[in-house]
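Here it is: the structure, laid out below.
The values are calculated or read from the model by the stated rules, or taken from the named source; none is laboratory data. If you're wondering where the values come from, they're calculated on a predicted model, not measured in any experiment. Here the Cβ is made from the backbone with ideal geometry for all residues, glycine too, and neighbour counts use every protein chain on show.
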Amino acid sequence: MIIVTGASRGLGRAVAERLIFSGREVLSLSRTSEGAPGDSVTCDVSDYEAVKAVAQSLRKEKREIEGLVNAAGIASMNLAVTTPPSMTQKLIQTNLAGTIHCCQLFAPLMIRKKAGSIINFSTIAVTLGLKGESIYAASKAGVEGFSRAFAREMADFDIRVNCVAPGPIKTDLLKGVSDEQIDAIVAQQILPKLFLPDDIADLCEFLLGPQSQSLSGQVLKVGGA
């Protein structure tokens with residue numbers, strides 16, 4: 001079974017749908033089960049105890065976990081000096097702490113099998129240093145640093161850990177961002193084109209499969225930067 005967080009919408013949903021279409025068993029985690037494909041559980045990844053409860057239930061049921069996709073995340077485009085403290089905490093707690101919670105609690109279910117693949121989501125904004133995304137980028141830079149170190153910790157158990165760092169993708173995450181702003185970001189990519197959720201799903205399917213068994217501790221920048 002593969003766990004996909006943030007699966008009720010956006011990239012998480014695209015990944016979950018692709019995996020189900022490919023015949024994989026998926027457990028969708030999201031703050032609301034509405035729109036989440038496959039078997040779904042309501043869970044806010046920023047809440048450690050909520051994630052722990054899901055992990056304990058899976059352990060009790062002796063479910064075998066072969067993959068984890070941490071796609072749950074939020075974004076906020078605003079200058080750092082005008083970002084309210086509440087939003088700063090929300091970004092860090094969801095994007096960084098939420099990813100760590102899931103890795104801490106679901107990885108042990110893979111360790112006993114000594115196999116698995118974990119995908120954490122970052123953003124191309126970390127590399128490009130985009131104006132108005134400093135705090136969002138900081139939360140995702142933390143994800144990248146954590147993933148590289150966690151990959152080394154998991155290597156002895158044949159569990160791979162990689163990051164996917166998309167550029168702008170037309171999802172709810174970009175609601176309120178103008179086409180002009182999106183075009184300006186895309187223009188900075190090595191491949192200056194707007195990619196689709198299905199492109200991210202393709203990449204995740206590859207990283208979860210045996211064809212990527214030589215990759216771990218990597219940050220794959222969609223569009224290039």
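Taking Ile190 and the conditions (1) of a type outside the set (D, E, K, R); (2) more than 20 Å from Ser8 (Cα to Cα); (3) within 14 Å of the chain's Cα centre (by Cα), which numbered condition does it fall short on, given that it satisfies the others?
(3)
Can you tell me which residue among Gly129, Gly145, Gly116 is surrounded by fewer than 23 Cβ atoms within 10 Å (Cβ to Cβ) and on the phi > 0 side of the Ramachandran plot?
Gly129
When residues of segment 121-146 are filtered for being of a type in the set (Val, Ile, Thr) and either under 14 Å from the mean Cα position of the chain (by Cα) or part of a loop (DSSP other than H, G, I, E, B) (or both), how many remain?
So the count comes out to 3.
Being among the hydrophobic types (A, V, I, L, M, F, W, C), farther than 18 Å from Val4 by Cβ and either part of a helix (DSSP H, G or I) or touching a Leu at 6+ places or on another chain (Cβ under 8 Å) (or both), is that true of even one residue in segment 98-111?
Taking every residue of segment 98-111 in turn, at least one turns out to be among the hydrophobic types (A, V, I, L, M, F, W, C), farther than 18 Å from Val4 by Cβ and either part of a helix (DSSP H, G or I) or touching a Leu at 6+ places or on another chain (Cβ under 8 Å) (or both).
Scan segment 154-175 residue by residue and report those that are under 16 Å from Asp198 (Cβ atoms) and modelled with pLDDT of 85 or more.
Within segment 154-175, Val164, Pro166, Gly167, Pro168, Ile169 meet the criteria.
Still on this structure, please answer the following. For the subset of segment 201-225 comprising residues that are without any contact (Cβ under 8 Å) to a residue 24 or more places away in the chain and of a type in the set (S, T, N, Q), which member is nearest to Phe150 (Cα to Cα)?
It comes out as Ser214.
Taking segment 40-62 as the search range and keeping residues that are small (Gly, Ala, Ser) and without any contact (Cβ under 8 Å) to a residue 40 or more places away in the chain, which one is farthest from Gln104 (Cα to Cα)?
Per the criteria, the residue is Ser40.
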